[in-house]
Amino acid sequence: MKRMAGLLVIVLGATMLGFSQDKGTEMTGVLCDSKCVKQDAGKAACDSTCSEKGKDVVFVDDEGKATKVANPKVAKGKMGQKVKVRGRMMEDKNEMEISNIIFANAG
């Protein structure tokens, strides 16, 4: 009986660890074409008047840090918009992989 209870505790603990995996960080900012990012007082900003098209998408957070998006197809239809993204940083590449995007004013 004690072995059964011990095994149950181990299984439940392993299950809880599986659910607590990092789902990413939530940040607010703007998705921008890399050619439309400008520097202002040492901070990055997306130039809303820019109409250039490049292949790289960057996420410019509210603090003015621009990070390349590893999976740019998720940004389709959301470029230049204020959004909340959930993703994970890939520190070795200085990129972020976005798992979810919602418009910031959508609540």
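How many residues, within segment 70-85, are of a type in the set (Lys, Arg), farther than 14 Å from Glu97 by Cα and assigned to a strand (DSSP E or B)? Reasoning before the result, please.
Step one: of segment 70-85, the residues of a type in the set (Lys, Arg) are 73, 76, 78, 82, 84.
Next, only the ones that are farther than 14 Å from Glu97 by Cα stay: 76, 78, 82.
Filter again for assigned to a strand (DSSP E or B), leaving 82.
Here the count works out to 1.
Condition check: hydroxyl-bearing (Ser, Thr, Tyr), under 25 Å from Ser99 (Cα atoms) and either modelled with pLDDT of 95 or more or touching a Lys or Arg at 6+ places or on another chain (Cβ under 7 Å) (or both). Does Thr15 satisfy that?
no
Between Ala70, Ala45, which is farther than 21 Å from Asn105 by Cβ and aliphatic (A, V, I, L, M)?
Ala70
Name the pairs: first residue in segment 81-94 and at pLDDT 85 or above, second residue part of a loop (DSSP other than H, G, I, E, B) and not charged (D, E, K, R), Cβ to Cβ under 8 Å, at least 6 apart or on different chains?
Arg86/Gly24; Gly87/Gly24; Arg88/Gly24; Met90/Ala70
Which residues, taken from segment 88-97, are closer than 14 Å to Ala66 by Cα and surrounded by 14 or more Cβ atoms within 10 Å (Cβ to Cβ)?
Met89, Glu95, Met96, Glu97
Cβ contacts < 8 Å: first residue under 18 Å from Gly64 (Cβ atoms) and touching a residue at least 12 places away in the same chain (Cβ under 8 Å), restricted to segment 40-54; second residue in a loop (DSSP other than H, G, I, E, B) and acidic (Asp, Glu), any location; separation 6+ or different chain. Result?
Between residues of segment 40-54 that are under 18 Å from Gly64 (Cβ atoms) and touching a residue at least 12 places away in the same chain (Cβ under 8 Å) and residues that are in a loop (DSSP other than H, G, I, E, B) and acidic (Asp, Glu), the close pairs are Lys43/Glu63.
Working only within segment 39-69, note down all residues that are under 19 Å from Thr28 (Cβ atoms), part of a loop (DSSP other than H, G, I, E, B) and under 19 Å from the mean Cα position of the chain (by Cα).
Asp62, Glu63, Gly64, Lys65
The values are calculated or read from the model by the stated rules, or taken from the named source; none is laboratory data. Everything numeric in this text was worked out from a predicted model, so none of it was measured. Here the Cβ is made from the backbone with ideal geometry for all residues, glycine too, and neighbour counts use every protein chain on show.
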